[in-house]
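Below is one structure, written out as C-alpha cells; comments come after it.
The values are calculated or read from the model by the stated rules, or taken from the named source; none is laboratory data. Worth saying up front: this structure is predicted, and the values here are computed from it rather than measured. As a convention, Cβ positions derive from the backbone with ideal geometry for all residues, glycine included, and neighbour counts pool all protein chains shown.
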Amino acid sequence: MLNRRTLLATGALVSTPLVWPLNALAQSKKDSLTLAIALEPPGLDPTASAASSIGEIVLYNVFETLTKINADGSVSPLLAESWEVSSDLKTTTLRLRKGVRFHNGEPFNAAAVKFSFDRAGGDKSTNKDKRTFANLKTQVVDEHTVVILNEEIDPEFLFMLGQATAIIVEPKSVATNATKPVGTGPYTLAKWSKGASITLRAWDGFRHASSLRIRRATFRFIPDPAAQVAALLAGDVDVFPRVTPRSVAQFKAHPRFQVLVSGSRAKTILAINNARKPLNDVRVRRAIAAAIDRKAVIDGGGDGYGVPIGSHYVPGAFGYVDTTGINPYDVDKAKQLLADAGVKLPLTLTMTLPPTPYARQGGEVIAAQLAKVGIIAKLQNVEWAQWLSATYGKKNYDLTLISHVEPFDLGNFAKPDYYWGYQSPQFNALYEKIQTTTRPADRARLLGDAQRLLAEDAACAFLYQPQWITVATKNLKGLWKDMPIFVNDLAALSWV
C-alpha cells in the first residue's frame, strides 16, 4: 500500500451427524445488508453528474478505477497492478490487471482506459473533472500497459485516478450507464425503485467472487433527520454513513450500535453567486461573510461536529493555512461594508437549500444572522435533482448552503463557467503556478497564497470542515473510520 505523499518525495458414520449443523450454520449466516443515504442519486454514472451520491453507491462496487483510495487516504492498486511516475511528475506508466472483464463480458484492457479518459476530457463530456482529463493524453503501449501524459503537474494524480470521475467504462455501455451501469466491480444493479431504494447483488463473474461476504445490498434514501434515527432504531437499516449527528449520544449509549466519527476533506460553504448584483461587489460578499458566526452554524447545522474554515481548504490538507481571521464574525463591520457598497436595506436574497439536514438546519441559523445586518434571506427548499439542475447547472440562485466533498477541488475557482461565477485573473495565474511547481515547499507557499486570496475576495462564505457520523449495528465489520472520499466499499464489509 502506497501513501500518495510518499509517492511524491502487497470414521464416516461418526462424522456424518456433524456435517448437518455446520452446513446449516453456513447457510443461515447473514449475507445481505441495508444501508441508508440521505440523497437519491440522479443517475448511476459518476462521469455524467457532480452528485456525490452516485459514487456512494457505485464506486468500487459497480465501477472500478485504476487505483483505489483507502480510508486513511493512501492509494493502492485496483485495475492497475503497478505504476511508475516520472521525476517531473508528468508521465505515469501503468501496468493493468489481466483477465478482468466487464459485466457484459467485454474485456478490460488499455483501449478501455484510453476510451474512458479521452471521453472524460472530450468536448461533449459532462464529467465534473473534465478540465483535469482534458489535460491528459493517454497512450496505449500494449493490451495491458498505458502511459498517461499530463500537461500539468499533479502530485495527487494517483489519488485522482481512484475517484468516481475516473471510473473505467465499457465503450458499448456508455449511453445507458446512468440507468444500466456496466463496470468491472463486484456488484451489479439488481433493482432501482425510484424515490425509495437501489439494490445491488454480487456478481458471480467477479475475479474474487468467492470472497464477497455481502451478497445483496440495498441502499435506502432517507433525507429527513428524524426518519434517519427512527429507521436505525427500528432495525430497518443496518448502517447509515453520514447520518444526522443530532442523536449521537443516544446511539453511543445503545448496546446494539457502533458510532464512528470520521474526519473529512469536505468544505461546507455558503456559495455566493458572484455574477449577480450586488453580490458581484466584494464588499457585499465580505459583509455576508462577516455577518456569519461559524461556530453557531456548526452547532446549529452540524450539531457541533465541524471545524471552522476561512477558505476552500481544510486543516490536515497539504499547504493548509488558517484564514479564519480574514473575514471574522463582526456584525458592525458587516453593516459598514454594506453601507460603503451603497446597498439599500433591507437587501432581499434567496438562499437555496438542498434537502440535507446540515443545509436545512444551517440555513435557518444563517438567515437569522443575516437579518441582524439588514439582509433578508428567503429560504427556498429544493430537492436534490432541482439543486443540481437549477442551482448548480443553470446558476439560478443568490446564495446556497452546500458541502463540497471532493478532496482536491481548489481548481474549481479557476473554471470560468463554474456555478459560483467567480472570475479572478489573479487566482487563475496563481493556480497555474501551483500546477507547474514541483518543489513541495514552493507548492505549499502558493497554496497558502491561493487560500488567502479566496478569503480576501470572499468568493464564498467559507464555514466549516464537517465531521461525518456513521451509525451501524455492532456486528458489522469493515466500515471506514475516516472518509477522504464518499464511498461505501461493500466488498470490505462482513457480518460477524
### Query
Residue check: is Leu189 in a strand (DSSP E or B) and in contact with a Pro (Cβ under 8 Å, 6 or more places away or on another chain)?
yes
## Note on the structure
Among strands (runs of 3 or more DSSP E) completely within segment 308-417, the ones holding 1 or more residues that are buried (at least 18 other Cβ atoms within 10 Å of the Cβ) and out of contact with any strand residue (DSSP E or B) (no Cβ under 7 Å at 6 or more places or on another chain) are none
## Note on the structure
With the first residue restricted to segment 431-444 and required to be at negative phi, and the second required to be of a type in the set (Val, Ile, Thr) and part of a helix (DSSP H, G or I), Cβ contacts under 7 Å at 6 or more apart or on different chains are Arg443/Ile434
### Task
Can you confirm whether segment 257-268 contains a residue that is outside any strand (DSSP E or B) and modelled with pLDDT of 95 or more?
no
### Summary
A careful count of residues in segment 193-238 that are closer than 23 Å to Gly99 by Cβ, of a type in the set (S, T, N, Q) and crowded, with 18+ Cβ neighbours inside 10 Å gives 0
### Message
Can you tell me which residue is surrounded by the fewest Cβ atoms within 10 Å (Cβ to Cβ) among those in segment 86-105 that are more than 30 Å from Thr437 (Cα to Cα), touching a Ser or Thr at 6+ places or on another chain (Cβ under 8 Å) and not aliphatic (A, V, I, L, M)?
### Response
Asn104
### Task
Kindly establish whether Ala450 is out of contact with any Gly (no Cβ under 6 Å at 6 or more places or on another chain), crowded, with 22+ Cβ neighbours inside 10 Å and under 30 Å from Ser87 (Cβ atoms).
yes
### Task
Being more than 28 Å from Trp203 (Cα to Cα), assigned to a helix (DSSP H, G or I) and outside the structural domain of Val487 (by TED's automatic domain parsing) narrows it down to one of Thr138, Thr132, Thr165, so name that one.
Thr132
### Yes/no for Leu22 being modelled with pLDDT under 95 and within 30 Å of Thr199 (Cα to Cα)
yes
### Message
Taking the conditions exactly as written (closer than 23 Å to Tyr320 by Cα and surrounded by fewer than 17 Cβ atoms within 10 Å (Cβ to Cβ)), does Val297 satisfy them or not?
### Response
no
## Note on the structure
Per the list (1) modelled with pLDDT under 95; (2) out of contact with any helix residue (DSSP H, G or I) (no Cβ under 7 Å at 6 or more places or on another chain), residue check on Gly300 breaks on (2)
### Message
Can you find a residue that is of a type outside the set (A, V, I, L, M) and either in contact with a Pro (Cβ under 8 Å, 6 or more places away or on another chain) or farther than 30 Å from Asp417 by Cα (or both) anywhere in segment 124-142?
### Response
yes
